[in-house]
Structure formats: C-alpha cells, structure tokens
1. Among 3-12, 346-355, 122-131, what's the highest-first ranking by average C-beta atoms within 10 angstrom per residue?
2. What ³J(HN,Hα) values, in whole Hz, does the Karplus curve 6.51 cos²θ - 1.76 cosθ + 1.60 give for region 188-197 when θ = phi - 60°, with x put for Gly and Pro?
3. Using the heavy atoms of the protein chains alone and a 1.4 angstrom probe, what is the accessible area of region 290-413 per residue in square angstrom?
4. Explain nothing, just compute: Karplus ³J(HN,Hα) = 6.51 cos²θ - 1.76 cosθ + 1.60, θ = phi - 60°, for every residue of region 288-299 in order, whole Hz, x for Gly and Pro.
5. Once the Cβ-Cβ distance between Glu294 and Leu181 is put in as r, and R0 is 56 Å, what FRET efficiency do you end up with, to the nearest 0.05?
6. Just grab the label-to-label distance for Asn165 and Leu7, each label 7 Å out from Cα along the Cβ direction, in nm (one decimal).
7. Enumerate the amide H contacts of His353 below 5 Å, restricted to partners 5 or more residues apart or on another chain; note that Pro and chain-start residues carry no placed amide H.
8. Run the quick spin-label model on Asn242 and Ala370: label points 7 Å from Cα toward the beta carbon, then report their separation in nm to one decimal.
Amino acid sequence: MKVTRGLRAVPGILREDLWTVARDPLPRMPWLGRLPHGHVVLFAVIMGWLNAAERQGHYSPNVTLVSLLVVLQSAAVLLVLSRPIPGWWLSTAVLFVSAALPGNGFSLGGVGPWNIAQVVLHTLVLFLLALRVRPRIAAEALVLTLLAAVVNLALVPMDRGGDPNLVAVSYATAVVLGTALRGRRVARARLVEQEGITAEERARRTLLEERNRIARELHDVVAHHMSVISIQSQVAPHLVENPSDELKENLAGIRRSAVEALTELRRVLGVLRSEDALADGVRHAPQPTLDRLEELVDTVRGTGIAVDVEIAGERRTLPPGIELSAFRIVQEALSNVMRHAPGTEVRVEIGYHPDGLTVWVVNTAPDRLAPPSPGAGHGLLGMRERVAMLRGELATGPMPDGGYEVAAVLPMREASPAPAVTPAAGPTETAEDTA
C-alpha cells in the first residue's frame, strides 16, 4: 500500500522539482571571482568544436539539424550557468535526439550512440546542476538521464566501440562530486551565518550584562536618597511646633511612598543581581566615588605602570551618579592599559566645571607586546553606557604616537523648577514629565 502511494506521488514530486525555469546563477568564487565561469564558457566552445569535428562527413541529409544540435549542446552548458534545470533539460533532449537520428556516425569514435564530446558536455552539465540544486533533485536528474540513455541504447544498434557503463559512471561521479561541493559550500555559509548570529547574541548579552551592572551600582545611589527622604519625612513633624493634621498626613504619605519605592528597588535589584558568589558578596558594599581615585591609582602604580594624576578646577561634591560613573570610567581605562599596554605611561586628568565634569585618560605607546587577554572585555561598552545614561559625550581611539586616549564629558543637568500655574491652566508639567 505504501509502495503504491509512493509511486503515485513520484510524478508530482518530479514535476515540482524539475519542471521549473527558476534562475539560480553559479556563485562567484571567493578568490577567483568569475574566472571559473570564463573557463566553463571556453571549455564549452572547445567541446562544441570537437563535437562538430567528430560529426564531419556524416548526417548528410540532416546537416542543418545536426549543426543546430551541436550548437544547442554547447549552449546548454552556458544556460546551466544561470538556469540549471532548463540547461539540463536542453542538454538531455539534444543528447537523446542526436543519438536517435539515422545515419549516426563519428570520425573520432565514441561510446554507443554518443561521441566523446557529447558525453563530456553532458557530464559538465550534471556537475554544474548538482552544484546548485538539492541532492534529491540532482539524483532525479541523474536517474532520468540514465533512463534516456537506456532508451537510446535500445533504439540504436550498438555498432561502435566503448562501454556504455563508463558513461553512467561518468554521470554519477559528476553528480556525487557536485553534490559534495554544494554541501560543503552550504555548510560553510551556514557556519558563517551562525557565527554572525552568535557574535550578535554575544554583543547583546554583553550589553545587557553591562547595563545590569550599572543598574545594580546605581541602586545604592537611589536607595540612599530614598532613605534620606523617608527619615526626614518621619522627623519633620517633630521639628514643627504644633504641626497640623494635614501636614502630618502629607509627611506620612511621603514616608510611605519612600518606603514603597525602596521595597520596589530591592525587588528590581534581586532580579538584576548576578547569581555568582562575587556579586552576591559585594552587592552591599558602598559604591566608589572620586574620593577613592588615589587609592585606585596607587593600585595601578603597584603593577609598575607610571600614572600621573591632575585635578583641574575647584573640587566639589557632585551627584553620586556622576561620581560613580567618572570613577568607573577611569577604572576601566586603567584596566585596559594594564591589559593591553604594558610599560606605558598614563596621564589622568579630572576637570571640574560649573556644568559638569570631564575625564581624560591617555597613555603612551607600550614598550612591548601585551600577552593575549582571555575573554572579551566590556570596558569600552561600559563607558559608553554610563556616558549615554548621563547624556554626556565619549571619545576613544588611538593617538598619533601609538598611545590611546579616553575622553568623557559628564554634564550635570539639574531639573528646573516647575512653573507656577493657576488651577485653570491644567496639570503642572514637571521637568521629569518633559524628559
């Protein structure tokens, strides 16, 4: 039953696979470009000339038809370069018709009803076909080609030398070789595609990990301010003589909101927190600020790298987010120096300005090659994320003398007070709403 059903499905499968004029050009070679295409064209011309030479003096009643078949046999090779299925159909039909013509004969010998040039040209057609189509389609084309050859041998007397089995072996070898090369090309293309997807996913994962790290660090900064708000709102009623019930109620609402915000922050931190033991052990440590810059620089100097620090402008306390980001940028820049620029000299400049902070870290050219660094670093990515979070600017790149620089501008944008409006003007729009 299954065999009968399978046989009934064969015509539909063959029609779907082989009854098409779809265009599928032979791809360019990575190094040779279209040079192989030119070789195929030249080979088809030479074989066409040999095909015509082998038929010289024969088919006298059908000279025009024979000449047309010779041209079409070579044209099939050219057609298969862009449309493999129609090219194979043309070559098979020409091979069949030329073998069935009366008075068949060759001056240079052949195999059965075909001459050597015909067999070689059709072998090339099958090879080029197998390079582009699926293995099943190539196998179907091979089977139909062999069936056409069997019919030719049954209709035409075998009065010339040569073993027809060699023709079958030649055709089968071309299909197997072409299918193997196509499989290798497809596997290589899929590998390149997979490597691209893997690199994209790795970059995306790295970005998310760095953002999570920044979020965990900023949690402490926000939590500190919310804790201050909660404590101040609890203490404020005791600092006012005879506070009204309305004031107590408002302050109590502020405290409840602050406590709820702290609770939500802890939940978010629990989601973002890494599962590794190191992150779990240091998540309660206070976040560093520029007050620890000298400590960081002393650590780097202990590795043998000369570091010069210069503070420009009037040093003052900045918002914790800017302090933390500036410290991390300097830390990542110095880490990159230790990994990639051994024996260099580093200059760190911190500039305090009325509207923000500038960070500049530059190193000279290393005096020797750095050992390979294991893994992919997140340093520059982390810097970009921190600067983008503060709506600042970051510039990184090599210096003309072979060194490297990292320059960051961290603006300090304070929210402007909400404009006073009358009740009829509608809801108040704050700076946060505008942002």
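1. Values: 3-12: 8.9, 346-355: 15.6, 122-131: 23.7.
Packing proxy ranking, top to bottom: 122-131, 346-355, 3-12.
2. 5, 5, 5, 5, 4, 5, 5, 5, x, 5
3. Values: 6380 Å² over 124 residues.
Per residue, region 290-413 has an accessible area of 51 Å².
4. With coefficients 6.51, -1.76 and 1.60, one gets x, 10, 5, 5, 9, 4, 4, 4, 5, 5, 4, 5 Hz.
5. Numbers: r = 64 Å, r/R0 = 1.15.
The pair Glu294/Leu181 has a calculated efficiency of 0.30.
6. Here the modelled spin labels are 2.8 nm apart.
7. The answer is Thr358.
8. It works out to 7.1 nm between the two label points.
The values are calculated or read from the model by the stated rules, or taken from the named source; none is laboratory data. Values in this document were obtained by computation on a predicted structure and should not be read as measured data. Ideal geometry is used to build each Cβ from the backbone, glycine not excepted, and the neighbour counts take in all protein chains shown. These area figures cover heavy atoms from the full protein model, side chains too; ligands, DNA and RNA do not enter into them. Shrake-Rupley method; radii C 1.70, N 1.55, O 1.52, S 1.80 Å.
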